[in-house]
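Novice: First, the structure itself, so that you have it in front of you.
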Amino acid sequence: MADRSGKRPITSKARRQRRKLTDEERIWFALKRFEPLRYGRAMEEIRALGKQKQRDPAVVSRAISDAFRKGLVEIRTNEYAKYARELSLEEDLKSKFKLPGAVVIRFEAPPQLQGKNLQDFKAWNDELHSALGFSLARMIAAGGFVFGAGARIGIGSGRGVFFVVDWLAKLTKLRAINVQAFSLTGATYPQTHAKDGLRLDADTNVNLFAAKCFAAPAKPNFVQSPIVALEEERKTVYKRAFWLNEENSIPFSLTHAIVGVGAFTHGHRLYDEGRIRLNEKPVLEQEAALELYGESKAPGFQVKRPEALEANETTEPIFDHIGDKLAKLAYWCDQCTSPSTSPVADICHNLLPVQPPPDKKAKLLGGLVQGCIAEIASQWPFITVSENRLRQTENIMLVAGGPKKTGPIRLLLENNYPITLLCTDSKTAQELLK
């Protein structure tokens, strides 16, 4: 029978519109609307949100307004939002070095590295690496570099990698399944210079990455060894941690790696160990120092004295086997006066000589440094991933920045490492482009 009341029938759409909004819905709509902004994407369309919850767009819009008006959600300034990206530098880096991806952030200049300012410099360096870690983690979370099912991801040591993993755990849960994470080095016992003194070894980083960054379980694979070990122990570790060395019977390659690159200077774990041991020597005059550490005829060098030690700085026994060589290498690296170049690069504790500038003093210093590296390498003391294994990786995400990182980063970019994403600061990027 026809309805003669003159009233319009109530449709299912109208009934959906009249459903009472709950605070939980208001919060959900507000968060979903603005969440993509955290990862550099456009806001979610109101119409798409309404479709998910079967709500009219006008109702969704009102729900979002109510959420802010009632104080259910609020907008807070992100402390890392001040580190704006330098898009023009990113494009220049990608063009010059044929990089698929680059992230460059603006960051303040470091304090002068001398005397009592050493702690200020260390705190600044921690903040820089935290900002770089946040920027790379945001890129990964945004989906630009998503790990696929069955990904085999190598994780390095150090501050940059730690902060990438730590921020990624806070930003999102990655959806890849059957993922394995592999520790790439033995333990050097590094730590941040923050009050909590966080440990930054690769095993620690792997544990956090596998446990906190994925929605589905990810399998961690640990090295479980100090970085320096005697020959028999090294053989045992390499047999267990087969992914470190390409010379094994198990076919294997990494799909991804998140690593930093070190410069052999203040804040580098092996440099600091060498510097402590260098200070334990008797007071060295210029000629005595040159005689003790190599070339007795090194004209033109102004021998720099090591910085004074802090009260809590002591040597670590695991480095006793190569302690004198680390002291020697630290000594020669201290003679480098360039503010943007270190004579030694370090990727996962593979020490590599950086090409010196084309002048006689720099070339002579470069030769002395290369000799020290050769002395250390001749003993094969380190338990770490090999250079060849790193080169076989499909995608390397490199996070590095700060004084003296220019030469080490350029070395990797120009020597066929498969770097698909570089995350650095604007000053380092400008030096790389010179």
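Novice: For labels at residue 68 and residue 378 in the simple 7 Å Cα→Cβ model, what's the distance in nm?
Specialist: Each label point lies 7 Å from its Cα, and together they span 6.9 nm.
Novice: If the limit is 22 Å between Cα atoms, which of 20/53; 122/363; 96/405; 98/405; 122/427 go over it?
Specialist: In this structure, 122/363 exceed 22 Å between Cα atoms.
Novice: For the residue pair residue 178 and residue 31, what label-to-label distance in nm results when each label sits 7 Å from Cα along the Cα-to-beta-carbon direction?
Specialist: The two pseudo-label positions are separated by 3.1 nm.
Novice: Out of residues 5 or more away from residue 344 or on other chains, whose amide H comes under 5 Å of its own, with H placed 1.01 Å from N in the peptide plane?
Specialist: Here 264, 354 satisfy the definition.
Novice: Here is a further query. At what distance in nm do the modelled label points of residue 56 and residue 416 sit from each other, each positioned 7 Å from its Cα along Cα→Cβ?
Specialist: With each label placed 7 Å out from Cα toward Cβ, I get 6.6 nm.
Novice: Follow-up question, since we're still on this one. Nearest 0.05, what FRET efficiency do residue 43 and residue 434 give at R0 = 56 Å with Cβ-Cβ as r?
Specialist: It comes out at approximately 0.90.
Novice: What is the set of long-range amide H partners of residue 383 at a cut-off below 5 Å, with H atoms built 1.01 Å from backbone N?
Specialist: 186, 228, 229
Throughout, read-outs are computed from the coordinates displayed, never taken from laboratory work. Being a predicted model, the structure only gives us computed values, none of them experimental. Heads up, the Cβs are rebuilt from the backbone with ideal geometry, glycines too, and the neighbour counts pull from every protein chain shown.
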